[in-house]
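Peer 1: Structure incoming, see below.
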Amino acid sequence: MKRYCFSLILLFLLALIANAQSDTILLKEITINPKLNDSFELLKKPYKEDLQIENTILDNPTNTVSSIVKNNSFADIKQRSFGNIQSDLSIRGGNFNQNSIFINGINMSDAQTGHHNLVVPIHGGNISTIEIIHGGNSRKLGINSLAGTLNLITKEPEKSYFDIDLSAGSFFTYNVNLSSAYKGIKSTHYISAIHSQSNGFDYNTDYSKLSFFYENNIRNKALSAKTMLAYTDAGFGAQSFYAAHFPDQYEKIKTGFIAFKLEWGDKLNWEYKLYHRILKDRFELFREHEDFYKHIDGKWINNITNDTVPWNYNHNYHYTNITGSGISFSKELDYGDISSGLEYRYEHIYSNVLGFNLFQVFNEYYIKSVDRQNLNWFADYNLKLGRNNLNAGVLFYYNQKYSFDYSFGFDFERQLCNKLKLNAGINRSMRLPSFTELFYFGPTNQGNPDLTPEYAMNFDLGLHYVRDNNSRLNINIFYRKGQNIISWIREVDSVLWKTENLTNLNTMGIEAGYYYSCFKEKCFVNSFQVSYVFIEQSKTAGQLESIYTLDNLRHKLILNINHKLINNLSAQLNINAFKRNGSFIFYDRDLKAFTTPVNYQFVCLVNYSLVFEKDFFKLYLNAHNILNTDYFDIGNVPVPGIMLMLGVKIKVDKLIKKNP
């Protein structure tokens with residue numbers, strides 16, 4: 001498999017060299033209005049990776065946020081199931097709780113658990129750019145950006161339209177997506193609704209998901225305003241998601257948010273934002289369904305086998321509310337610019353598992369509750385002196401439980417020559433424990449309400465070479481010294497996992513990537529990307545066993561080629577080869593027992609897509625994992641093999657104009 005995968009990579013590299021053009025060509029860049037700061041451009045981050053997916057051919061509901069990041073970036077996505085049902089994001093070896101998720105520059109991270117961070121109501125067709133900040137940046141993006149940050153930037157309509165997108169494929173999977181946009185003189189409206197459903201690729205991996213997203217933008221000379229509304233309702237079989245010896249798990253999630261952003265000013269630019277996010281989560285260790293279990297007299301009875309579980313276990317119910325508001329300003333100076341801001345964030349959860357006991361039951365299910373209030377103030381200065389650019393900032397933070405704390409950072413950039421830049425940075429980052437880490441109590445897990453924040457010092461050094469508008473080369477070396485890291489740990493002879501601040505985790509690595517694009521008619525290759533990341537981690541936690549700390553990617557190699565075949569027909573090849581660190585104890589479902597240790601193996605995923613586009617319609621075929629590779633991203637949690645999706649996208653407005 002290794003030889004086959006790398007031979008395939010070499011073959012396409014040779015094909016690229018044979019067909020590449022040597023003359024100057026133009027790159028299709030995405031223009032982001034500097035007045036409306038949905039982007040993190042003001043961070044001056046040399047290690048910010050932009051995935052400009054607008055230039056790819058996978059503009060359909062099967063192209064999820066998780067698949068885009070997994071197959072196009074240095075970041076790691078640990079998949080549970082498929083269809084963006086649940087995935088864990090890892091940046092530079094950090095775990096799923098150590099990253100922040102933003103939508104158009106507004107923090108939408110979950111306080112209950114990082115497992116919910118990527119449950120977003122946005123598919124690939126909604127997005128213009130995905131920004132990934134590699135490395136901690138708590139001083140500007142707030143606490144919890146310990147290892148990195150992901151920012152989804154949605155498209156603003158350039159014209160009015162109405163599209164219908166239908167696709168179906170393996171495992172009786174289908175997607176229905178309706179989207180419409182209106183562009184006025186000073187405002188735009190965008191709305192989309194998408195329903196996805198599948199019978200699943202394996203036992204108890206079925207899902208059903210409905211998402212809704214609306215965005216309004218208003219612009220004039222005095223101000224710019226953005227309003228967003230979103231809702232997602234997803235139910236899915238969660239085979240072995242959280243415990244391998246319980247294969248009949250199920251989860252139901254309902255989440256939504258409303259957000260508002262206002263910007264005004266000329267020489268002194270102001271930004272105000274207000275947002276509210278909710279998430280309702282019902283977790284069933286024994287799936288209550290006619291094909292699974294029923295609950296009678298304090299016992300769980302399997303409807304198929306009539307096996308009885310003499311355990312009066314109740315489903316877990318969680319209801320999280322997050323409200324935030326902030327104001328900030330930026331001003332250009334003679335030798336740079338300065339920015340400062342204040343943000344308040346309130347996080348609250350009702351639960352029957354997490355938090356402290358309530359005096360009375362709330363809304364039938366919730367007997368516990370806990371909240372926390374967070375206040376951040378940051379200041380940042382960017383100094384420009386000739387070829388040098390120095391960015392420095394500080395954040396002061398207050399929480400009623402953890403009191404005052406701070407973060408700081410420095411980033412330096414020097415233009416060595418017209419095409420080559422040198423970058424270096426030092427940043428202190430931090431993260432608060434999630435509600436799950438603090439309070440969860442189950443048959444094999446026990447949280448710890450006495451946990452304290454974890455910290456990291458991030459060091460970066462990089463070179464960035466830009467040959468012209470269509471090709472660039474980046475090389476970054478990084479080191480993260482983590483202290484007081486929160487881990488699920490257990491004694492060697494114990495079955496109970498506990499959370500403790502016991503781990504010091506040091507991470508070092510290198511990221512290298514080359515990007516090329518050509519949009520001339522004579523170019524066979526429209527775009528080409530090859531990237532590689534290596535990560536090495538070491539921890540100190542005594543003789544204790546820990547999880548979520550050393551199962552990071554050790555190697556990851558990405559190859560993407562977008563190319564033309566014939567008129568109106570184009571294709572994309574994606575090869576994702578990686579090796580994960582660590583091992584897990586394999587659970588044999590037939591024996592119903594844990595058997596032998598299994599090391600994570602080398603994996604080579606090959607995906608291929610075809611798109612035919614003409615006039616008012618687009619036909620596409622997506623083939624995922626065409627080598628049918630068997631692998632695990634998370635121990636004992638299966639992922640799908642080969643999967644085919646066939647779809648059609650109809651531009652209704654063009655169809656009506658063509659056939660009045």
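Peer 1: Quick one: which residue in TYR214, TYR174, TYR203 is at pLDDT 95 or above and on the phi < 0 side of the Ramachandran plot?
Peer 2: Just a single option satisfies the conditions, and that option is TYR214.
Peer 1: Mind listing whichever residues of segment 72-81 are over 16 Å from GLU511 (Cβ atoms) and either assigned to a helix (DSSP H, G or I) or open to solvent by 10 Å² or more (accessible area, probe 1.4 Å) (or both)?
Peer 2: LYS78, GLN79
Peer 1: Something else about it: Tell me, which residue of segment 83-92 that is part of a loop (DSSP other than H, G, I, E, B) and at pLDDT 90 or above is surrounded by the most Cβ atoms within 10 Å (Cβ to Cβ)? Break it down stepwise before answering.
Peer 2: So the first thing to find is which residues in segment 83-92 are part of a loop (DSSP other than H, G, I, E, B), and the list is 83-85, 91-92.
Those still in the list that are at pLDDT 90 or above too: 91-92.
Details: ILE91: 26, ARG92: 30.
The residue in question is ARG92.
Peer 1: For segment 413-427, what are the residues that are under 27 Å from the mean Cα position of the chain (by Cα) and surrounded by fewer than 22 Cβ atoms within 10 Å (Cβ to Cβ)?
Peer 2: Hits for segment 413-427 are ASN423, ALA424, ILE426.
Peer 1: Still on this structure, I have one more. Could you tell me which of the residues SER180, SER192, SER224 is part of a strand (DSSP E or B) and under 30 Å from GLY237 (Cα atoms)?
Peer 2: After applying the criteria, what remains is SER192.
Peer 1: Give the number of residues within segment 440-466 that are in contact with a strand residue (DSSP E or B) (Cβ under 8 Å, 6 or more places away or on another chain), of a type outside the set (D, E, K, R) and open to solvent by less than 30 Å² (accessible area, probe 1.4 Å).
Peer 2: Initially, segment 440-466 is screened for residues in contact with a strand residue (DSSP E or B) (Cβ under 8 Å, 6 or more places away or on another chain), giving 440, 444-448, 451-466.
Subsequent filtering for residues that are of a type outside the set (D, E, K, R) retains 440, 444-448, 451-453, 455-459, 461-466.
Imposing the further condition that a residue be open to solvent by less than 30 Å² (accessible area, probe 1.4 Å) reduces the set to 447-448, 451, 453, 456, 458, 462, 464.
The qualifying residues number 8.
Peer 1: Any idea which of ASP233, ASP248, ASP266 is among the acidic types (Asp, Glu), open to solvent by 10 Å² or more (accessible area, probe 1.4 Å) and part of a strand (DSSP E or B)?
Peer 2: Numbers: ASP248 fails: part of a strand (DSSP E or B); ASP266 fails: part of a strand (DSSP E or B).
On inspection, the qualifying residue turns out to be ASP233.
Peer 1: Being part of a strand (DSSP E or B), out of contact with any Asp or Glu (no Cβ under 8 Å at 6 or more places or on another chain) and surrounded by 14 or more Cβ atoms within 10 Å (Cβ to Cβ) narrows it down to one of ASP371, ASP405, so name that one.
Peer 2: Unique residue meeting the criteria: ASP405.
Peer 1: Identify the residue in segment 544-573 that is crowded, with 18+ Cβ neighbours inside 10 Å and of a type in the set (Val, Ile, Thr) and, among all such residues, is modelled with the lowest pLDDT.
Peer 2: That would be THR549.
Peer 1: For residues that are closer than 30 Å to ASN204 by Cα and not β-branched (Val, Ile, Thr), tally how many sit in segment 250-279.
Peer 2: 8
Peer 1: Please go through segment 278-302 and pick out each residue that is surrounded by fewer than 18 Cβ atoms within 10 Å (Cβ to Cβ) and in a loop (DSSP other than H, G, I, E, B).
Peer 2: Once the filter is applied, which keeps residues that are surrounded by fewer than 18 Cβ atoms within 10 Å (Cβ to Cβ) and in a loop (DSSP other than H, G, I, E, B), segment 278-302 yields HIS289, GLU290, ASP291, ASP297, GLY298.
Peer 1: From PHE578, PHE534, which residue is aromatic (Phe, Trp, Tyr) and either open to solvent by 20 Å² or more (accessible area, probe 1.4 Å) or more than 26 Å from PHE96 (Cα to Cα) (or both)? Outline the logic, then answer.
Peer 2: Values: PHE578 fails: either open to solvent by 20 Å² or more (accessible area, probe 1.4 Å) or more than 26 Å from PHE96 (Cα to Cα) (or both).
It is PHE534.
Peer 1: Examine segment 243-252 for a residue that is of a type in the set (Lys, Arg) and touching a residue at least 40 places away in the same chain (Cβ under 8 Å), and state whether such a residue exists.
Peer 2: Checking segment 243-252: not a single residue is of a type in the set (Lys, Arg) and touching a residue at least 40 places away in the same chain (Cβ under 8 Å).
Peer 1: What's the number of the condition ASN469 fails, among (1) closer than 30 Å to SER527 by Cα; (2) surrounded by 15 or more Cβ atoms within 10 Å (Cβ to Cβ); (3) at pLDDT below 90?
Peer 2: Going through the list (1) closer than 30 Å to SER527 by Cα; (2) surrounded by 15 or more Cβ atoms within 10 Å (Cβ to Cβ); (3) at pLDDT below 90, ASN469 breaks only (2).
Here is a yes/no grid of residues against (1) of a type in the set (Asp, Glu); (2) touching a Leu at 6+ places or on another chain (Cβ under 6 Å); (3) within 20 Å of ASN107 (Cβ to Cβ):
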site: TYR203; (1), (2), (3): no, no, no
site: THR227; (1), (2), (3): no, no, yes
site: GLN239; (1), (2), (3): no, no, no
site: GLU251; (1), (2), (3): yes, no, no
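Peer 1: Considering (1) more than 23 Å from the chain's Cα centre (by Cα); (2) assigned to a strand (DSSP E or B), say which one LEU627 fails and leave the rest.
Peer 2: With respect to (1) more than 23 Å from the chain's Cα centre (by Cα); (2) assigned to a strand (DSSP E or B), LEU627 is out only on (2).
Peer 1: OK, next. Of the residues that sit in segment 614-660 and are open to solvent by less than 60 Å² (accessible area, probe 1.4 Å) and basic (Lys, Arg), which one is farthest from ILE194 (Cα to Cα)?
Peer 2: Here the residue is LYS618.
Yes/no per residue for (1) more than 9 Å from the chain's Cα centre (by Cα); (2) closer than 21 Å to MET228 by Cβ; (3) of a type in the set (Val, Ile, Thr):
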{"site": "ILE101", "(1), (2), (3)": "no, yes, yes"}
{"site": "ILE106", "(1), (2), (3)": "yes, yes, yes"}
{"site": "HIS116", "(1), (2), (3)": "yes, yes, no"}
{"site": "GLY135", "(1), (2), (3)": "yes, no, no"}
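Peer 1: Are there any strands (runs of 3 or more DSSP E) wholly within segment 316-362 with 2 or more residues that are open to solvent by less than 30 Å² (accessible area, probe 1.4 Å) and touching a Phe, Trp or Tyr at 6+ places or on another chain (Cβ under 7 Å), and if so which?
Peer 2: Answer list for segment 316-362: 316-333, 336-351.
Peer 1: If you go through segment 516-530 one residue at a time, do you hit one that is open to solvent by 10 Å² or more (accessible area, probe 1.4 Å), closer than 21 Å to PHE412 by Cα and not in a loop (DSSP other than H, G, I, E, B)?
Peer 2: No, segment 516-530 has no match at all.
Peer 1: To continue, here is another question. Has segment 149-160 got at least one residue that is among the hydroxyl-bearing types (Ser, Thr, Tyr) and over 24 Å from ALA259 (Cβ atoms)?
Peer 2: Among the residues of segment 149-160, not one is among the hydroxyl-bearing types (Ser, Thr, Tyr) and over 24 Å from ALA259 (Cβ atoms), which makes the answer no.
The values are calculated or read from the model by the stated rules, or taken from the named source; none is laboratory data. All values derive from a computational prediction rather than experimental measurement. A quick note on method: Cβ atoms are made from the backbone with ideal geometry, for glycine too, and the neighbour counts reach across all protein chains shown. To get the accessible areas, we keep the full protein, side chains included, count just its heavy atoms, and leave off ligands, DNA and RNA. Shrake-Rupley method; radii C 1.70, N 1.55, O 1.52, S 1.80 Å.
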